[in-house]
Structures are given as structure tokens and as C-alpha cells.
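The values are calculated or read from the model by the stated rules, or taken from the named source; none is laboratory data. Keep in mind it's a predicted model, so treat the numbers as computed, not measured. Cβ sites come from the backbone with ideal geometry, for glycine too, and all protein chains shown count toward neighbours. These area figures cover heavy atoms from the full protein model, side chains too; ligands, DNA and RNA do not enter into them. Shrake-Rupley method; radii C 1.70, N 1.55, O 1.52, S 1.80 Å.
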Amino acid sequence: METRRSGGVDVVFEAPRWSERWVLSDDVTMPETDEHLLTTRLLLDILLAFVARTRRDAKAGSNIALRWDPEHPRVGVDPDVYLVEPAPPDAKLRSLRTWSAGHHAPRVAVEVVSRRTARKDYTEGPAKYAASGTRELWIFDPERHGRGVTGAPFTLQVWRHTRAGVFRQHYAGDGPAFSEELGAWLVVTDAGTRLRIADDEAGERLWPTEKEAADLRAEAERARADALAAELAALKAR
């Protein structure tokens, strides 16, 4: 099996619909390190701001139990971050069951690799998300812990469901990579420790969090106030 880097070859594989190894505990665990938490929280805040800014019927969240097989309801996966659209009917939902009314597989799911989760994220992650019907999967491995069926560790992987129903690795490398689901670029920032979303490949027009957007608005207001004060001072001087 060959791995796609930039300009390389697509990786396609057939995934089972379920496996006993994929039984998901009802106790969804939170990220185990501060760096993992900071990375996932930043991505979540960016997607929450995106949903609010665009006023779309979508839900961004983290660590939900995603389940897709009614014959094996305990089988599932818990993405570190996800974006599902349209939003499920229950705002406090802890389990997304794709066979239930109003429940859909995520448009985007994100796994942030840690030393503890590296083997699972690399070897079973794509298969689980392929089986779940997730439309796009991002695997971010800032410390390059993983090694799986697609070869050596990569900082960033993007997997997509094609129109033909095939789950394919479209990118594996150091980034940036394009997200067809969001129509935006995934860029690695902060000396390789953070994954962000941008309108441009160079990452100059980053999508802000709500706090960053508020800070930018406040800075613009201060600049306008300073300009007005300077103009009034100039008028008085004349």
C-alpha cells in the first residue's frame, strides 16, 4: 500500500463496518496532556466561531461518542473535535447515533495524536471514520508519534469520502492541506504545535476564535478613536 504525499499516490482501503476492538466505553475521556488540550481547544474554538459567524445549522464539539451500526450499538469512536451539519436535535447530546432521526455523521472529524493514542489513531482511525460515514478526517500529529498502515509518521493527514463512496487519503505531509468540506486551508502554526484554518495557503488570513475576533474589533475601535482624537487635536491647533 502506498502513501500519498504531495503529488504522490492515493491510498484506498476497504474498511470493515465494525470490529470488537472498536467497542467504545460510555466514559469518554478528555485529552491527557496540556498540549493536547490546548491544541484541541483551539480547533474547537475556531469551528465554534465559524458556526456562529456563518449562522449555519451546525454543531461543533469534542469528545462525543460517534456510533453508526445499530446492530452493534457499542461500537464507535470519539473524535477529539467534530463538526456535524445539520446539527442534531438535542443540544446536550453525548452520543451521535447515525441511525437515529436527526443524527448525521460529521462533516469533519479531527484526531490530535498523542503518544498514548498514536497506534489507534494511525492504524484504526481511518477505518473507523470510513465505516461511520464521516466526510472528512484530519489527523494531526505535531510530535510525530504515529506509524501505521500508511507508513512513517506525518504531521498532517487528510482523508475524504469520495462521491464513489471510497475513503481516500488525499494528503499526508507537513501541511498546508486543503479541506474540501470547509473550502479552506489547514495550516500548521506555532512552531508545528498547532493546527489552524485559513482562507489562504500561506496562512495569512487565519480563521479567528470568538476571542480573537473580539480583540480585533476592540483594536479597530481603539485605532478609530485614536485617529479621531488626533484629528480633533489638529483642528484645535489650527
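Observations on the model:
- Screening residue 109 with (1) closer than 21 Å to residue 162 by Cα; (2) in contact with an Asp or Glu (Cβ under 9 Å, 6 or more places away or on another chain); (3) modelled with pLDDT under 95; (4) not hydroxyl-bearing (Ser, Thr, Tyr) gives one miss only, at (3).
- Residue in the range 184-206 that is in contact with an Asp or Glu (Cβ under 7 Å, 6 or more places away or on another chain) and farther than 24 Å from residue 83 by Cα present: no
- Single condition residue 48 does not satisfy, out of (1) open to solvent by less than 20 Å² (accessible area, probe 1.4 Å); (2) out of contact with any Leu (no Cβ under 6 Å at 6 or more places or on another chain): (1)
- Search result, residues across the range 88-98 that are open to solvent by 30 Å² or more (accessible area, probe 1.4 Å) and not polar (S, T, N, Q): 89, 90, 91, 92, 93, 94, 97
- Counting only strands (runs of 3 or more DSSP E) that sit wholly inside the range 102-191, those with at least 1 residues that are open to solvent by less than 20 Å² (accessible area, probe 1.4 Å), in contact (Cβ under 8 Å) with a residue 24 or more places away in the chain and within 27 Å of residue 71 (Cβ to Cβ) are 108-112, 136-140, 156-161, 167-173.
- Every residue from the range 51-60 that is surrounded by fewer than 19 Cβ atoms within 10 Å (Cβ to Cβ) and among the charged types (D, E, K, R): 53, 55, 56, 57
- Residue 153 vs. criteria at pLDDT 95 or above, out of contact with any Ser or Thr (no Cβ under 7 Å at 6 or more places or on another chain) and farther than 17 Å from residue 109 by Cβ: no
- Pairs meeting the criteria (first residue in the range 44-65 and in a helix (DSSP H, G or I), second residue not hydrophobic (A, V, I, L, M, F, W, C), beta carbons under 6 Å, at least 6 apart or on different chains) are 44/62; 45/209; 46/209; 49/209; 49/210.
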